[in-house]
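Novice: So that we are looking at the same thing, I have put the structure below in structure tokens.
The values are calculated or read from the model by the stated rules, or taken from the named source; none is laboratory data. What you see is a predicted model, and the numbers here were worked out from it, not measured in a lab. Positions of Cβ are generated from backbone atoms using ideal geometry, with glycine treated the same way; all protein chains shown enter the neighbour counts.
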Amino acid sequence: MPAVIQRNVLENPGWYTAYTPYQAEIAQGRLEALLNFQQVCIDLTGLELAGASLLDEATAAAEAMAMSKRVSKSKSTQFFVDDRIYPQTLDVINTRAKYFGWEVVVGDFELAKSGDYFGALFQYVGVEGDVKDLTDVIAAVKKNKTYVSVVSDIMSLVLLKSPADMGADVALGSTQRFGIPMGFGGPHAAYFAFSDKAKRSAPGRIIGVSKDSQGNTALRMALQTREQHIRREKANSNICTSQVLLANLAGMYAVYHGPGGVKRIATRIHAFATAFADVIKNANDSNLNVVHDQFFDSVVVDCGSEKLATQIFENADNVGYNLWRLGETKLSVAFSETSDQQDFSVLTQLFVSKAHDLPEDARVSLDSAHLRTDAILSHPVFNSHHTEHEMLRYLKSLEDKDLAMNRSMISLGSCTMKLNATSEMLPITWPEFANVHPFAPRDQVTGYVAMIDSLQDQLKAITGFDDVSMQPNSGASGEYAGLLAIRRYHESLGETDRDVCLIPQSAHGTNPATAMMMGMKVIVVKTDDNGNVDIDDLTAKCEENSANLGALMITYPSTHGVFEEGIRKICDLIHKHGGQVYMDGANMNAQVGMMQPADVGADVLHMNLHKTFCIPHGGGGPGMGLSA
Ligand SMILES: Cc1ncc(COP(=O)(O)O)c(C=O)c1O
């Protein structure tokens, strides 16, 4: 990450303590930063619109599947997934599809032509690093009314033909490569780009250019998923918090480097990979084969035998390099912006027993048919701030337009905002935390694991629950994970038709949206003027739905900030009818030290660590919605 961005955005409370920009008049700075991010995504994907970030690549892919179903005219309930997808992405897609009632078909990308699918998802740069032109397959599947999404690493798109050029309807992926540390798996902003005509079906928030009351240009959240508050269980998705701070960082990376800078960086990464592949090919070692001829940054080498692959893999580990083992005989070597001559020497030594220098004439080996020829990042903002002081002044000018917790209380919404302590924020930019790969071998991450374990223990003590999942990236994802646990619990008892979810009128919009995504039937329970659940109405609805009662989702303290006095009675009632109590503890800090959710009868809970405890709100993310 460029130091000027690290110091003035990531390490600056003016940026990391801001609230979601619901009040446009105190948020023009971060709205402009998000608009820049959207423009980066629009330029690189070639599509007409982009959102202001999603949570991560895998959930963005699952959102693309759901959007395909909303937009596609096909009646099919099958979704096609390219088998060159990353396994973690496929896992999330499979879970989501199951509860929507759709079938996922995974296969060679060419096979998509022969089926009947409402949507298809292709990986562009495949899991083995291979670059394949998707133009023909996309044209063929679109004849069948299949809505097409393409997953791409944002850095690869600096060089490669854009997804829109190949006919894609949606493009998505991670923007981690735009200067964001790996951080043992995140947070990183996912991007999500789409066509103008699909904008009302897109998940997440979109920043739009508008006019203020005096007719001046002003920015605001245009189509935000706060529409969940209106559409409730008919909402398009449950995405609320996204990855604003990370999106701003990635957008600023493009502002700072500009089109020339990012092209230089992407070309250098590719040149490293090309030079490495050339060394393997020229070694004339009949054991070693470069598996794919067209790649961007990753070279897969088939070592011919499991023994040789193991030997190289272990030798690499011994000298501090993690290779990716693909099957028994193949190893993947990936280059990045941080790769250097020393890395090149060590890696070539490991594979061909001779250290090579990066050649002077390091080259682009991709066929010209794969390369993009259109201009990118031509907006003035990407061509004006390339020196450190210009960049610093630009960042400061945006920060000064905004109100964040470093200046004032934010008197808006039910969100319990807090000013993070500097000492909590300091370690996130230490290289020991920042530069750990999410799939690093377990023995390299014992520190991280110990920290997570001890946080889990503390949260178990605070909530009174038996276990905690740290996976969900936002409150809404915590709701999804929690309702999933409830559905699986009922399934384990053979009670698969417990699919009714009771939700009080006053609940946060993500609650009904999440229940819908879990394939549940939402029934609204009345609340009184203070936001308390109407117990008579709840009793009647429990009785009516006793055989199918799956869950009650109850916010505690409620959206009105009320501690429901009848909470124990409510939990007992739900249990009596065979349901489970889901507690939305987004604002759980109001309870900490006073009571435990498990004690009053809740079965599952999520809490928003970006409100309670010390994850900075970041202007609308990163979030952390762990499920207990
Ligand atoms: C009560 C409540 N539930 C759920 C959420 C959703 O959390 P997130 O925005 O992290 O998805 C929020 C946040 O706005 C909330 O206030």
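Novice: Of the residues that make up segment 472-487, is at least one more than 16 Å from the ligand (Cβ to nearest atom), of a type in the set (A, V, I, L, M), modelled with pLDDT of 95 or more and not in a helix (DSSP H, G or I)?
Specialist: Checking segment 472-487: not a single residue is more than 16 Å from the ligand (Cβ to nearest atom), of a type in the set (A, V, I, L, M), modelled with pLDDT of 95 or more and not in a helix (DSSP H, G or I).
Novice: Okay, moving on. With respect to the numbered conditions (1) within 16 Å of the ligand (Cβ to nearest atom); (2) in a helix (DSSP H, G or I); (3) within 30 Å of Ser332 (Cα to Cα), which one is the sole condition not fulfilled by Asp443?
Specialist: Condition not satisfied by Asp443: (1).
Novice: Are any residues in segment 573-585 of a type in the set (A, V, I, L, M, F, W, C) and either within 13 Å of the ligand (Cβ to nearest atom) or out of contact with any Gly (no Cβ under 7 Å at 6 or more places or on another chain) (or both), and if so, which ones?
Specialist: Applying the first criterion (of a type in the set (A, V, I, L, M, F, W, C)) to segment 573-585 yields 573-574, 581, 583.
Scanning segment 573-585 gives Leu573, Ile574, Met583.
Novice: Can you pull out every residue in segment 69-120 that is among the charged types (D, E, K, R) and assigned to a strand (DSSP E or B)?
Specialist: Of segment 69-120, the ones among the charged types (D, E, K, R) are 69-70, 73, 75, 82-84, 91, 96, 98, 103, 108, 110, 113, 116.
Asp82, Glu103, listed by residue number.
Novice: Considering every residue within segment 393-403, establish whether at least one is within 30 Å of Ser558 (Cβ to Cβ), of a type in the set (A, V, I, L, M, F, W, C) and not assigned by TED's automatic domain parsing to the domain that holds Ala266.
Specialist: Step one: list which residues in segment 393-403 are within 30 Å of Ser558 (Cβ to Cβ), which gives 402-403.
Now drop any that are not of a type in the set (A, V, I, L, M, F, W, C), which leaves 403.
After this cut, where a residue has to be not assigned by TED's automatic domain parsing to the domain that holds Ala266 as well, the list is 403.
Within segment 393-403, one or more residues are within 30 Å of Ser558 (Cβ to Cβ), of a type in the set (A, V, I, L, M, F, W, C) and not assigned by TED's automatic domain parsing to the domain that holds Ala266.
Novice: In addition: Looking at segment 389-409, can you tell me whether even one residue there is among the hydroxyl-bearing types (Ser, Thr, Tyr), modelled with pLDDT of 95 or more, surrounded by 15 or more Cβ atoms within 10 Å (Cβ to Cβ) and at negative phi? Outline the logic, then answer.
Specialist: First pass over segment 389-409, keeping only residues among the hydroxyl-bearing types (Ser, Thr, Tyr): 394, 397, 408.
Of the ones still in play, those that are also modelled with pLDDT of 95 or more are 394, 397.
Retained after the next criterion (residues that are surrounded by 15 or more Cβ atoms within 10 Å (Cβ to Cβ)): 394.
Narrowing further to those that are at negative phi: 394.
Yes, because at least one residue in segment 389-409 is among the hydroxyl-bearing types (Ser, Thr, Tyr), modelled with pLDDT of 95 or more, surrounded by 15 or more Cβ atoms within 10 Å (Cβ to Cβ) and at negative phi.
Novice: Residue pairs, Cβ under 8 Å, 6 or more apart or interchain, first in segment 77-90 and over 21 Å from Leu55 (Cβ atoms), second among the polar types (S, T, N, Q). List them.
Specialist: Phe80/Thr146; Asp82/Gln123; Arg84/Gln123
Novice: Scan segment 561-583 and report the pairs whose first residue is at positive phi and whose second residue is surrounded by 23 or more Cβ atoms within 10 Å (Cβ to Cβ) and in a loop (DSSP other than H, G, I, E, B), with Cβ atoms within less than 7 Å and a gap of 6+ or a chain change.
Specialist: If the second residue must be surrounded by 23 or more Cβ atoms within 10 Å (Cβ to Cβ) and in a loop (DSSP other than H, G, I, E, B), the pairs left are Gly578/Arg498.
Novice: Run down Met588, Met595, Met624 and say which single residue is hydrophobic (A, V, I, L, M, F, W, C) and more than 16 Å from the ligand (Cβ to nearest atom). Talk me through it step by step, then tell me what you get.
Specialist: Values: Met588 fails: more than 16 Å from the ligand (Cβ to nearest atom); Met624 fails: more than 16 Å from the ligand (Cβ to nearest atom).
Step by step, each of Met588, Met595, Met624 is checked, and only Met595 is hydrophobic (A, V, I, L, M, F, W, C) and more than 16 Å from the ligand (Cβ to nearest atom).
Novice: Turning to a different aspect of this structure: Applying the selection to segment 488-520, what residues are small (Gly, Ala, Ser), under 23 Å from Glu544 (Cα atoms) and within 16 Å of the ligand (Cβ to nearest atom)? Don't jump to the end; show me each part of the working.
Specialist: The initial filter retains those residues of segment 488-520 that are small (Gly, Ala, Ser), namely 492, 494, 506-507, 509, 513, 515, 519.
With under 23 Å from Glu544 (Cα atoms) added as a condition, the list becomes 494, 506-507, 513, 515, 519.
Scanning segment 488-520 gives Ser506, Ala507, Ala513, Ala515.
Novice: Please name all residue pairs, on different chains or six or more residues apart, with Cβ atoms under 9 Å, provided the first residue is in segment 285-309 and is on the phi > 0 side of the Ramachandran plot and the second residue is part of a loop (DSSP other than H, G, I, E, B) and surrounded by 16 or more Cβ atoms within 10 Å (Cβ to Cβ).
Specialist: Cβ pairs passing all conditions: Gly304/Leu288; Gly304/Thr329.
Novice: Moving to a separate point now. Would you say Ser423 is without any contact (Cβ under 8 Å) to a residue 40 or more places away in the chain and part of a helix (DSSP H, G or I)? First the steps, then the outcome.
Specialist: Numbers: without any contact (Cβ under 8 Å) to a residue 40 or more places away in the chain: yes; part of a helix (DSSP H, G or I): yes.
Yes.
Novice: Only one of these conditions is not met by Ser213: (1) over 22 Å from the mean Cα position of the chain (by Cα); (2) modelled with pLDDT of 95 or more; (3) under 30 Å from Lys396 (Cβ atoms). Which number is it?
Specialist: Tallying (1) over 22 Å from the mean Cα position of the chain (by Cα); (2) modelled with pLDDT of 95 or more; (3) under 30 Å from Lys396 (Cβ atoms), Ser213 fails exactly one: (2).
Novice: Ser237 versus (1) surrounded by 23 or more Cβ atoms within 10 Å (Cβ to Cβ); (2) modelled with pLDDT of 95 or more: which is the lone unmet condition?
Specialist: The single condition Ser237 does not satisfy is (2).
Novice: Give the residue, chosen from Asn420, Asn383, that is more than 30 Å from Asn587 (Cβ to Cβ) and touching a Pro at 6+ places or on another chain (Cβ under 9 Å).
Specialist: Numbers: Asn420 fails: more than 30 Å from Asn587 (Cβ to Cβ).
Of Asn420, Asn383, the one residue that is more than 30 Å from Asn587 (Cβ to Cβ) and touching a Pro at 6+ places or on another chain (Cβ under 9 Å) is Asn383.
Novice: When you scan segment 599-614, how many residues do you find that are touching a residue at least 60 places away in the same chain (Cβ under 8 Å), surrounded by fewer than 22 Cβ atoms within 10 Å (Cβ to Cβ) and under 21 Å from Asn406 (Cβ atoms)?
Specialist: 2
Novice: Check segment 160-173 and report whether any residue there is crowded, with 19+ Cβ neighbours inside 10 Å and closer than 30 Å to Asp499 by Cα.
Specialist: No, the conditions are met nowhere in segment 160-173.
Novice: When you go through (1) away from the ligand (no atom under 16 Å from the Cβ); (2) closer than 30 Å to Ile93 by Cα one by one for Asp536, which number turns out not to apply?
Specialist: The failed condition is (2).
Novice: A follow-up question, please. Which of the numbered conditions does Thr612 fail, given that it passes all the others? Conditions: (1) among the β-branched types (Val, Ile, Thr); (2) within 16 Å of the ligand (Cβ to nearest atom); (3) farther than 20 Å from Gln471 by Cα.
Specialist: In the conditions (1) among the β-branched types (Val, Ile, Thr); (2) within 16 Å of the ligand (Cβ to nearest atom); (3) farther than 20 Å from Gln471 by Cα, Thr612 misses (3) alone.
Novice: Of the conditions (1) in contact with a Gly (Cβ under 9 Å, 6 or more places away or on another chain); (2) surrounded by fewer than 24 Cβ atoms within 10 Å (Cβ to Cβ), Gly183 satisfies every one except a single condition; which number is it?
Specialist: (1)
Novice: Let me ask you something else. What about Gly251, is it away from the ligand (no atom under 16 Å from the Cβ), modelled with pLDDT of 95 or more, within 27 Å of the chain's Cα centre (by Cα) and among the small types (Gly, Ala, Ser)?
Specialist: Values: away from the ligand (no atom under 16 Å from the Cβ): yes; modelled with pLDDT of 95 or more: yes; within 27 Å of the chain's Cα centre (by Cα): yes; among the small types (Gly, Ala, Ser): yes.
Yes; evaluated as a whole, the condition is true for this residue.
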